[in-house]
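So the structure is just underneath, and the comments pick up after that.
The values are calculated or read from the model by the stated rules, or taken from the named source; none is laboratory data. Keep in mind the model is a prediction, meaning the values are calculated, not measured. Cβ placement follows ideal geometry from the backbone for every residue including glycine, while neighbour counts extend to all protein chains displayed.
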């Protein structure tokens, strides 16, 4: 048992020490006279289109990816204008927009790819009653997925003890019996499954088809002041997502520059996720807004037309 936990902790440490050479790569590609686009990210598989975009040649701008260790840290940089945009939990950006920060969501980070992982002895959602279950943030699709799963199984949100944990701590917490399950961005779910410390109870599409999770968000100030650069950046991002969807050797080599994760974990994580068709659809967004209101996480989430900018795709 202890050996398995040591292996688990080691895998997570490797992930946290993942390659942070994105700034070095962007500096090497810098060309005189090109504007720099600074985009924040966390080293997760939900940000893969950015990794692929960094690997490609940028025509009229230089892409600088800025790695953060937590969502609050990233959102502080985004809200204060230290970065031009970010791959971020869409609900955090919606909450910031509701509070007066002028942000625009321009694309998804991925489709699907979230799993609800539980301890091997959990046979169904009903076994979670009275147990602790971890989410990364209450403003997250992961929290909504948990809420919807419990409702689907005839349970209430109050039937379990919902705790917020940093994603990297979740696999070890599950292995040590501190929590009965968790739902979070990849590859942290795949770590537990690959090490047989957890199993998939539900995939996100089983509970909420076309769920909106991480998105590419830009400061509207950046969009308005550098419209052509912003348009080129978003179009290149969409193309990078299509390239990522091949999930070929080159794609995995690029991902390896940003995430130092075991191959079997990455393979499993990539089975669950897709990167094509990254448009934020109005119908899916409406479902997200309704869920935030129903869960009393927001009284007035930003309307689609106020928050989502589709003009940069053309």
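Things to note:
- The numbered conditions (1) within 24 Å of residue 134 (Cα to Cα); (2) outside any strand (DSSP E or B) are all true for residue 87 except (2).
- Any hit, the stretch 183-194, residues being surrounded by fewer than 24 Cβ atoms within 10 Å (Cβ to Cβ) and either modelled with pLDDT under 95 or at negative phi (or both): yes
- Where residue 298 falls short, out of the listed (1) buried (at least 21 other Cβ atoms within 10 Å of the Cβ); (2) closer than 23 Å to residue 75 by Cα: (1)
- Residue 128 being surrounded by 15 or more Cβ atoms within 10 Å (Cβ to Cβ), closer than 21 Å to residue 205 by Cα, touching a strand residue (DSSP E or B) at 6+ places or on another chain (Cβ under 8 Å) and at pLDDT 95 or above: yes
- Within the stretch 208-218, being surrounded by fewer than 21 Cβ atoms within 10 Å (Cβ to Cβ) and touching a residue at least 60 places away in the same chain (Cβ under 8 Å) holds for one residue alone: 210.
- Checked against (1) farther than 26 Å from residue 99 by Cβ; (2) loosely packed, with under 15 Cβ neighbours inside 10 Å; (3) touching a helix residue (DSSP H, G or I) at 6+ places or on another chain (Cβ under 9 Å), residue 249 passes all but a single condition, namely (3).
- If you go through the stretch 191-206 and pick out every residue that is within 22 Å of residue 263 (Cα to Cα) and out of contact with any strand residue (DSSP E or B) (no Cβ under 8 Å at 6 or more places or on another chain), you end up with 5.
- Some residue of the stretch 271-282 being under 27 Å from residue 148 (Cβ atoms) and free of Cβ contacts under 8 Å to residues at least 60 places away in the same chain: yes
- Selection status of residue 38, within 30 Å of residue 195 (Cβ to Cβ), modelled with pLDDT of 95 or more and surrounded by fewer than 21 Cβ atoms within 10 Å (Cβ to Cβ): no
- Residue match in the stretch 221-238 (condition: touching a residue at least 12 places away in the same chain (Cβ under 8 Å) and under 17 Å from the mean Cα position of the chain (by Cα)): yes
- Evaluation of residue 223 against the conditions (1) surrounded by fewer than 20 Cβ atoms within 10 Å (Cβ to Cβ); (2) touching a strand residue (DSSP E or B) at 6+ places or on another chain (Cβ under 8 Å); (3) in the same structural domain as residue 66 (by TED's automatic domain parsing) shows that the sole unmet condition is (1).
- Filter pass, residue 198 being farther than 24 Å from residue 71 by Cα, outside the structural domain of residue 289 (by TED's automatic domain parsing), modelled with pLDDT of 95 or more and more than 16 Å from the chain's Cα centre (by Cα): yes
- Selection status of residue 251, closer than 21 Å to residue 58 by Cα, assigned by TED's automatic domain parsing to the domain that holds residue 33 and within 19 Å of the chain's Cα centre (by Cα): yes
- The set of residues in the stretch 271-298 being touching a helix residue (DSSP H, G or I) at 6+ places or on another chain (Cβ under 7 Å) and closer than 15 Å to residue 191 by Cβ consists of 273 alone.
- Each residue in the stretch 99-119 was checked for being more than 22 Å from residue 270 (Cα to Cα) and either in a loop (DSSP other than H, G, I, E, B) or at pLDDT below 95 (or both), and 4 of them qualify.
- Residues in the stretch 131-161 that are assigned to a loop (DSSP other than H, G, I, E, B), crowded, with 19+ Cβ neighbours inside 10 Å and without any contact (Cβ under 8 Å) to a residue 40 or more places away in the chain: 1 in all.
- Scanning the stretch 107-121 for residues that are over 27 Å from residue 212 (Cβ atoms) and touching a strand residue (DSSP E or B) at 6+ places or on another chain (Cβ under 8 Å) yields 119, 120.
- Number of positions in the stretch 163-181 that are assigned to a strand (DSSP E or B) and either surrounded by 16 or more Cβ atoms within 10 Å (Cβ to Cβ) or without any contact (Cβ under 8 Å) to a residue 24 or more places away in the chain (or both): 1
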